[in-house]
Structure formats: C-alpha cells, structure tokens
Amino acid sequence: MAMADCIFCKIASGETRARIVYEDGDTLAFSDLNPQAPTHVLIIPRRHITGLSSAVEEDGELLGKLQLTAVKTAKLLKVEDAFRLVTNNGRGAGQSVNHLHYHLLAGRKMLWPPG
Ligand code: AMP
C-alpha cells in the first residue's frame, strides 16, 4: 500500500515527477536527483517496503525482479558491462529515503572499498 508521505510512493503513482528510465507492473527505475556518477538510477518496487531488512519471505520474487530491472535498465543505458548496484539499509548505512531502493551507478571508475 502507498504511504502518504513517501516520496518514492509518489513517484511510483505518478503524483511526483521523475525521469523514468524503465517501468513495469512491479518495479520502476528513475534518475537520481543528486547523481553520484554519470549514470545514477534508482530501482524501486512500486509497493512500499521500508528497506531491505523489512523484506519478508513473500517478497522474494519481487526482490529478484528488482535485480532483473536493474539489468534491463543497465542494458537500456548501455552500461551493462560495468555497473554497481547498492542499497543503503538503515540510517547508519546512509539510507535517507525509507522506501527500498537500489542505486545503479556507472560511468566512472568504482572504488573499493566503497567507503
Ligand atoms: P539513500 O540515501 O540511499 O536513501 O538514497 C536516496 C536517494 O534518493 C538519494 O541519492 C537522493 O538523491 C535520491 N532522491 C531523493 N528524492 C528524490 C527524488 N524526488 N527524485 C529522484 N531522486 C531522489
């Protein structure tokens, strides 16, 4: 169910605009407002899940779809040979929006460890 004050739920419903790169019935990919790489896209489920640690057994298929959406998006943007997919789970790990999202980053050298 959509959460009234969730910015990503609003993007999923179309209430808030975003530059959408790919969408299907369950998932959405749109450009990050504050890009940290030449390609920086957020991959989200349409359905509100607060973060990865809130996912339950029944979300397994959806979690798989999110990764497949990331690959489809990477192919659309022609970065499938070199990209990073990351989720920040919890405030302490840098999560600022409490709707599960994966960052798809590409187009520059990726450092490791990520910091
Ligand atoms: P995180 O800090 O891991 O929770 O990532 C949240 C990301 O959402 C940040 O990279 C923000 O730049 C991005 N963001 C926040 N609001 C919007 C928005 N309305 N449209 C696109 N990206 C957004």
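Excluding T50 itself, calculate the net charge of residues whose Cβ lies under 14 Å from the Cβ of T50, where each Lys or Arg counts +1 and each Asp or Glu counts -1.
Once positives and negatives cancel, what remains is 0.
Treating cross-link reach as a plain straight distance, find the lysines whose alpha-carbon is under 21 Å from the alpha-carbon of K10, omitting any fewer than eight places away in the same chain.
K65
For S54, S13, give the ranking by accessible area with the largest first, probe 1.4 Å. Display every interim value, and only then the final one.
Working: S54 60, S13 80 Å².
Correct descending sequence by accessible area is S13, S54.
GluC sites (Glu not before Pro) within segment 15-65: which are DSSP loop residues with at most 13 other Cβ atoms inside 10 Å? Display every interim value, and only then the final one.
Values: sites: E15, E23, E57, E58, E61; in loops: E15.
Answer in residue order: E15.
Could you put K109, K10 in order of accessible surface area, largest first, with the 1.4 Å probe and the full protein assembly present?
K109, K10
Can you find, among L63, N98, I20, the residue sitting farthest towards the positive end of the charge dipole of the chain, where Lys and Arg contribute +1 and Asp and Glu -1 at Cβ?
Checking the options against the dipole of the chain, the answer is I20.
Dipole size in debye (nearest 20) for segment 7-106 around its Cα centre, Lys and Arg Cβ +1, Asp and Glu Cβ -1?
Dipole magnitude for segment 7-106 comes out near 360 debye.
Restricting to DSSP H runs of at least four residues, report the calculated mean residue ellipticity at 222 nm for the chain, -39500 (n - 2.57) per run over all residues, nearest 500 deg cm²/dmol.
-6500 deg cm²/dmol
The values are calculated or read from the model by the stated rules, or taken from the named source; none is laboratory data. Computed from a predicted model, the values in this text were never measured in an experiment. Virtual Cβ from ideal backbone geometry, glycine too; neighbours counted across all protein chains shown. The protein model used for the area step is the full one, side chains on, heavy atoms only, and it has no ligands, DNA or RNA in it. Shrake-Rupley method; radii C 1.70, N 1.55, O 1.52, S 1.80 Å.
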